[in-house]
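One structure is given below, encoded as structure tokens.
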There are 2 protein chains.
Amino acid sequence: MLETVTSMKTSEARDILAETARKGDAEKRGRKASKEVRQLQLIEATIDSLAKRGYAETTMADVADGAGLSRGIVNFHFESKEKLLIATLQHMYDEYSAHWRASLQKAGDDPARQLQQLVWADFDRSICNKRKLAAWLAFWGEAKSRPTYQALSSSRDNYYQQVFIDLCTTLKQSGSYAYEPQVMALALSAMLEGLWLRLMMGTEDTTRETALQAANAFLASAFPKHYG
Amino acid sequence: MLETVTSMKTSEARDILAETARKGDAEKRGRKASKEVRQLQLIEATIDSLAKRGYAETTMADVADGAGLSRGIVNFHFESKEKLLIATLQHMYDEYSAHWRASLQKAGDDPARQLQQLVWADFDRSICNKRKLAAWLAFWGEAKSRPTYQALSSSRDNYYQQVFIDLCTTLKQSGSYAYEPQVMALALSAMLEGLWLRLMMGTEDTTRETALQAANAFLASAFPKHYG
DNA sequence: CATCATTTGTTGAACATTCATTCAGTATGG
DNA sequence: CCATACTGAATGAATGTTCAACAAATGATG
């Protein structure tokens, strides 16, 4: 089951801060060492606020309070609220990207296994938890009316989509399937995003486990020779 | 292709107003007859604003201006901004519901045809256009942090989901498929929502036509005996 | 090593703006 | 002339941003 949103607040940011202070010898602790750590801490607090209150109700005071810092701090590290939110979205994309590429790496050379791994990656705990899903949804809700968000999204999404298309093309050849690779890739990626959407909305009947079952059922019916 | 958002403003509301004034003899025209018509007009203006500016930037002044009326008008007809938004969401759900049920009706008794019609219904022009999709997305983005929206959504969504499950169960029997009906219904509905999401985000490569192709490809691979 | 100066991070009150809401007054249909 | 729809200026609350003062770390100096 997905964990609850309300509990974690600054804990995660504090972990990061502690970890950085531990392993980074070059990094100085305390007040000065902040810059990057503080920014991360504020970004985490922003994700918390987005998840708990939604985009429209996320305020600078909320973020500052969530990080346990003063009101003016955000404008010091990020120039404005808008830039904070863009940095937060960027951070979430970077994290997703890294996880995605790592999964692809881990899968080796077999395209069937690669596709399977990519699907699984989307439902990994580290990526797919209530807090982050809620933050994603908050951004998506505003993305269409904000060119900046849209630009950030579309370039990466197009890349992922192309990888899916390539994998579908390869599998079609080795399995003699009838589908059009572009079409099947769209159906697949749409379903993954739709399952995310379900998880984000927090309906009782959809959990990470059932979502993964659905994704596997799709693979089995679309590529029976590979996943049947 | 989907039409653009920016152009229609009050035109649609004016059509409705004109239409109501035309066919409703009992309804009085002009200033007095307003109540219901004005409310509809304001709801349409709200959808316009949600589509154009997003949830967070939708203001009462925006809605009033969009409807070509004065600033205080919304608080007169709806009590508050929150109630306006709830009424708007309700209106969109009612419209979707009506269209959905009509499609099911039209399909007759054949379950395969029923499922096909329901899928098509989701991509009908009257439901699936940029303006309304953008408004849906705006609501979804806020739904998780607003119990009222969530309550409005979940009850209906559960009903639709159950119909999908029932249809999948019936098709499984008549086609001797191996899947679990609940799982396949989740995969199907998730894909439909995911395709909506793609259309909402306005990526170039996804149009209503390609989305429908993807949906059909899914049906063909999941229920080959019925749609192959 | 002690002291001072400088740089850098941080604070919180003040400010300006935006926005939902209110309401006394106006216009209009019956 | 009454009831009702409507207006738009006034109000107050919420919020992003600024900035002068403060604190801590670092560096320079003797």
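The values are calculated or read from the model by the stated rules, or taken from the named source; none is laboratory data. Since the structure is predicted, the reported quantities are computational estimates derived from the model, not experimental observations. Using ideal geometry, Cβ is built from the backbone for each residue, glycine included, and neighbour counts are taken over all protein chains shown.
Summary of values
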| read-out | value |
| --- | --- |
| Failed criterion for residue B:171 (all others in (1) within 25 Å of residue B:56 (Cβ to Cβ); (2) buried (at least 21 other Cβ atoms within 10 Å of the Cβ) hold) | (1) |
| Filter result for residue A:157 (part of a helix (DSSP H, G or I), of a type in the set (D, E, K, R), surrounded by fewer than 19 Cβ atoms within 10 Å (Cβ to Cβ) and within 11 Å of chain B (Cβ to nearest Cβ)) | yes |
| Subset of the stretch A:45-72 (residues that are within 9 Å of DNA strand C (Cβ to nearest atom) and surrounded by fewer than 18 Cβ atoms within 10 Å (Cβ to Cβ)) | A:68, A:70, A:71, A:72 |
| Tally, over the stretch A:86-112, of residues that are surrounded by 14 or more Cβ atoms within 10 Å (Cβ to Cβ) and either within 16 Å of DNA strand C (Cβ to nearest atom) or more than 22 Å from residue A:40 (Cα to Cα) (or both) | 6 |
| Of all residues in the stretch B:178-191 being assigned to a helix (DSSP H, G or I) and at the interface with chain A (Cβ under 7 Å from one of its Cβ atoms), the one that is surrounded by the fewest Cβ atoms within 10 Å (Cβ to Cβ) | B:183 |
| Qualifying residues in the stretch A:135-152 (those that are among the small types (Gly, Ala, Ser) and touching a residue at least 40 places away in the same chain (Cβ under 8 Å)) - the one nearest to the other protein chains (Cβ to nearest Cβ) | A:141 |
| Breaking point among (1) modelled with pLDDT under 95; (2) not in a loop (DSSP other than H, G, I, E, B), for residue A:170 | (1) |
| Cβ pairs under 7 Å, 6+ apart, first in the stretch A:53-74 and farther than 18 Å from residue A:132 by Cβ and away from chain B (no Cβ under 14 Å), second more than 9 Å from DNA strand D (Cβ to nearest atom) and at pLDDT below 95 | A:68/A:10 |
| Count - residues of the stretch A:75-85 that are among the aliphatic types (A, V, I, L, M) and near DNA strand C (Cβ under 9 Å from one of its atoms) | 0 |
| Unique match (being at the interface with chain A (Cβ under 7 Å from one of its Cβ atoms) and over 19 Å from residue A:181 (Cα atoms)) among B:175, B:194, B:202 | B:202 |
| Verdict on residue A:85 being within 16 Å of DNA strand D (Cβ to nearest atom) and in contact with a helix residue (DSSP H, G or I) (Cβ under 6 Å, 6 or more places away or on another chain) | no |
| Helices (runs of 4 or more DSSP H) lying entirely in the stretch B:3-111 (those with 2 or more residues that are modelled with pLDDT of 95 or more) | B:34-53, B:60-67, B:73-77, B:81-106 |
